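> Below: one structure in structure tokens.
The values are calculated or read from the model by the stated rules, or taken from the named source; none is laboratory data. All values reported here derive from a predicted model rather than from experimental measurement. Neighbour counts are summed over all protein chains in view; Cβ atoms, including those assigned to glycine, are modelled from backbone coordinates with ideal geometry. Side chains are part of the model used for accessible areas, which takes the heavy atoms of the whole protein and leaves out ligands, DNA and RNA. Shrake-Rupley method; radii C 1.70, N 1.55, O 1.52, S 1.80 Å.
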Amino acid sequence: MKLRWLIGWMLIGWLAACTHNFSGVAPNPIGPAPDFTLIDETGRPFQLSDLRGQWILLAYGYTHCPDVCPLTLSYLRDVKQIVDPNGDRVQVVFVTIDPERDTPDSMRRYVGHFDKLFDQKFKGLSGTPEEIAAAAQLYQVKYEKKETGSADGYSMAHTAEVYLIDPQFNWRMTFPFGIKAEEIAADLQYFMQNPEAK
Amino acid sequence: MKQVSMVVVMLAALVLAACGGSSGTTNGVTVSEAWARPSPMMDRAGAAYMVLQNNGAAEDKLLSVEGDIAQTIELHETKESGGMLAMSPVPNIPVPARGKTELKPGGLHVMLIGLTRELKAGDKVQLTLNFEKAGKVPVAVEVRE
């Protein structure tokens, strides 16, 4: 009888040590990340899969966004700071969904505000409206131009999730808007320590 | 001795009242935790966040905001619609009687359009909030991450 209790407690202990409560949602099934080529912040063509071998945190937004996008990018800056401050294991990629106004130069200045702490700079991607529409659709990103009457011009309604791609270029996780940096970092660190985890 | 203590207490009350006036408390509305992020670019709008506390027995409304930090200052709200986050101007921001309204990232915010100077971490920005009942309330907004 005592032995049965002991085994029971050992099982509970083992499960507690091995399980991790993910904040993000894994795609089902986990498979290759969709790839695309856009223009980077230096004005050169950039293919997402060029980052194979690194963990990629991918987000979509626009530089005329003073509320949601700075929140997302400051969280991603904090994730990088927690997980990989001096290294090149984690790369942040920000794709505009406002191709009408966002140029490589505005993407460079915008993402450059959030990557000041790091040697490895964040990528800020732009492109033609058609290229952006295709790159957004691959990750089920939705966006829509809205004339609001603001002195700042039109605004863009958009989904604001963060996508995690592993070094084998598999789409591993989607983080809903508002998931905190510490929670994203905890999931990422768990994957780094348990590469086979699903 | 008793008289001296009374004087000390009254002086303290006066000092407190004076400090209260300059920290954003007036006519029943208290503004606290006012902050804004450093601006990524001068030619992009900034956003300021704060907590509006209505100490009065009737609803009040934030009608507008003034300040020399931006050419235009609007009240905005980010709302979810069809899975998308959409930002639009709002005509006013109600503050319930004896209640509070929080302006925070991903929700209500004061939008600073056409910045006249960079929002730098550590700086303070002076804004004046105009309420329907409480009137003008000055606020010092802290720029921080």
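> Return the distance in nm (one decimal) between the two label points of a simple spin-label model at B:M42 and A:E100, each offset 7 Å from Cα along Cα→Cβ.
Using points 7 Å along Cα→Cβ, the separation is 2.6 nm.
> Roughly how many Å is it from the Cα centre of the stretch A:36-105 to that of the stretch A:179-198, as a whole number?
With the stretch A:36-105 and the stretch A:179-198 each reduced to a Cα centre, they are spaced 19 Å.
> Given a 1.4 angstrom probe, what's the average accessible area per residue across chain A, in square angstrom?
So chain A comes to 48 Å² accessible per residue, rounded to a whole number.
> How charged is the neighbourhood of B:A70? Take every other residue with its Cβ under 13 Å from the Cβ of B:A70, and add Lys/Arg as +1 and Asp/Glu as -1.
Summing Lys/Arg as +1 and Asp/Glu as -1 gives -4.
> Still on this structure, please answer the following. Hey, what's the stretch B:72-145 come to in accessible area per residue, 1.4 Å probe, Å²?
Accessible area per residue, the stretch B:72-145: 47 Å².
> Also, I was wondering about something else. Roughly what angle does helix A:129-138 make with the longest principal axis of chain A, taking Cα atoms, 0 to 90 degrees, to the nearest 10?
So the helix axis and the longest Cα principal axis differ by about 10 degrees.
> B:S81 accessible area, nearest 10 Å², 1.4 Å probe?
Here the accessible area works out near 70 Å².
> To test your reading of the geometry: what angle, between 0 and 90 degrees and rounded to tens, separates the Cα axis of helix A:181-193 from the longest principal axis of chain A?
The answer is roughly 60 degrees.
> Name the residues of the stretch A:176-194 whose accessible area, probed at 1.4 Å, falls by at least 20 Å² once all protein chains are in place instead of their chain on its own?
Residues meeting the cut-off: A:F177.
> Starting from the 7 Å offset along Cα-to-Cβ, what nm value, one decimal, do you get for the label separation of A:V25 and A:T42?
Placing both labels 7 Å along Cα→Cβ, they lie 3.7 nm apart.
> Under a point spin-label approximation (7 Å from Cα along Cα-to-Cβ), what is the B:N130-B:S64 distance to one decimal in nm?
0.3
> Keeping the other protein chains in place, figure out the carbon and sulfur percent of the accessible area of the protein assembly as shown, with a 1.4 Å probe.
Carbon-and-sulfur percentage of accessible area, whole number: 56.
> Compute for chains A and B the buried accessible surface, both sides summed, probe 1.4 Å, and express it in Å² to the nearest 100.
What A and B bury together is about 2400 Å².
> Answer with one residue from A:M192, A:S49, B:S64: the one whose Cα lies farthest towards the positive end of the charge dipole of the protein assembly as shown, charges on Cβ with Lys, Arg +1 and Asp, Glu -1.
Positive-most Cα among the choices belongs to A:M192.
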